Amino acid sequence: MTARVALVTGGTGGIGTAICRHLAQLGHKVATNYRDEAKAKAWQDAQRKEGFEFALARGDVADPAAAEAMVREVEKQLGPIEILVNNAGITRDTTFHKMNALQWQEVIATNLGSCFNVTRPVIDGMRERKWGRIVQISSINGQKGQYGQANYAAAKAGMHGFTISLAQENAKFGITVNTVSPGYVGTDMVMAVPEDVRAKIVAQIPIGRLGEPDEIAYAVGFFANEQARWITGANLAINGGQYMGW
Ligand code: NDP
């Protein structure tokens, strides 16, 4: 298997860490971004203790200039980016009639704006080299909507619109673009939800439990694989059977 350079945004988070590790186990050189240097170094040290080496580049994915600088820094450290995983994301949950403009804008800028901000400085090189893998980490709630998440669901549904347009534009350049839509995974984001609400969520999952970060990472490795070259514009739902639509 060809070793590639991968950038995973939000790699220090629950799902992101699993994606970084899985891509490294597949033999790729992996970088992620950070905003808080001390937190990122602690994460990097913890990964080293477990035998993983990851490059770090400062970058806020919601900010176009910062995202471009982050991409250039990764290229400087590891070389041209061949696999891009747009994974960084946040929630600012509240029902729409209580939502303020900041809660809307932050979620759209971080979850959807980031797809432009990070992919734009990466795409030209992929097109020139005629090879690339781009994977968006969307969400079940972008597929089915969710009470209290009009901002998040709009951003996550938008990510798939982005995927299927980019897939068409870049198919002739050896670049595949796909979406992974996880259901509820037991990371900090979901463990922050009150326990009684979580129990109600689990009750809706036919497999009967929350997902594990590794189960999402596996799908990213699949899309990044050389042999996944005829799969583009796909959305892979990984949700324990909670939602079986598109
Ligand atoms: P975490 O909260 O554990 O991690 C989020 C990561 O994104 C962190 O590394 C965080 O970095 C980074 N991040 C957030 N905002 C920015 C920003 N502006 N610039 C750069 N990095 C940023 O989340 P998960 O691992 O649970 O989620 C990962 C992705 O999966 C998200 O897109 C989420 O929406 C999606 N998802 C998660 C599900 C779940 O059940 N957990 C279900 C469906 C989808 P920092 O430490 O600097 O904040």
Query raised in the report: Out of all the residues in the stretch 64-97, which are of a type in the set (Asp, Glu) and either in contact with a Lys or Arg (Cβ under 6 Å, 6 or more places away or on another chain) or closer than 30 Å to ALA150 by Cβ (or both)?
Result: GLU68, GLU82, ASP93
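Where in the stretch 150-207 are the helices (runs of 4 or more DSSP H), entirely inside, with at least 3 residues that are away from the ligand (no atom under 14 Å from the Cβ) and either over 20 Å from the mean Cα position of the chain (by Cα) or under 22 Å from PHE222 (Cβ atoms) (or both)? First the steps, then the outcome.
Working: elements: 150-170, 188-191, 195-203.
The qualifying helices (runs of 4 or more DSSP H) are 150-170, 195-203.
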Query raised in the report: Of all residues in the stretch 30-56, which are buried (at least 21 other Cβ atoms within 10 Å of the Cβ) and under 17 Å from the mean Cα position of the chain (by Cα)?
Result: VAL30, ALA31, THR32, ASN33, PHE54
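Is it true that VAL61 is aliphatic (A, V, I, L, M), within 30 Å of VAL197 (Cβ to Cβ), at pLDDT 95 or above and in a loop (DSSP other than H, G, I, E, B)? Quick ask: steps written out before the conclusion?
Working: aliphatic (A, V, I, L, M): yes; within 30 Å of VAL197 (Cβ to Cβ): yes; at pLDDT 95 or above: yes; in a loop (DSSP other than H, G, I, E, B): yes.
Criteria met by VAL61.
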Requested in this report: For the stretch 38-78, name all the residues that are away from the ligand (no atom under 12 Å from the Cβ), of a type in the set (A, V, I, L, M) and over 18 Å from GLY13 (Cα atoms).
Outcome: ALA65, ALA69, VAL71, VAL74, LEU78
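Could you please find all residues in the stretch 205-239 being closer than 15 Å to GLY186 by Cα and either in contact (Cβ under 8 Å) with a residue 40 or more places away in the chain or not hydrophobic (A, V, I, L, M, F, W, C) (or both)?
The first filter runs over the stretch 205-239 and keeps only residues closer than 15 Å to GLY186 by Cα, leaving 205, 207-217, 238-239.
Result: GLY208, ARG209, GLY211, GLU212, PRO213, ASP214, GLU215, ILE216, ALA217, ILE238, ASN239.
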Query raised in the report: Quick check: anything in the stretch 29-37 more than 15 Å from the ligand (Cβ to nearest atom), outside any loop (DSSP other than H, G, I, E, B) and within 27 Å of TRP131 (Cα to Cα)?
Result: yes
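Just to be sure, is ALA88 within 22 Å of HIS22 (Cα to Cα) and either within 11 Å of the ligand (Cβ to nearest atom) or touching a Leu at 6+ places or on another chain (Cβ under 7 Å) (or both)? Don't jump to the end; show me each part of the working.
Values: within 22 Å of HIS22 (Cα to Cα): yes; either within 11 Å of the ligand (Cβ to nearest atom) or touching a Leu at 6+ places or on another chain (Cβ under 7 Å) (or both): yes.
So ALA88 passes the test.
The values are calculated or read from the model by the stated rules, or taken from the named source; none is laboratory data. Treat the numbers as computed from the prediction; the structure is a model and nothing was measured. With ideal geometry, Cβ positions are generated from the backbone for all residues, glycine too; neighbour counts draw on all protein chains shown.
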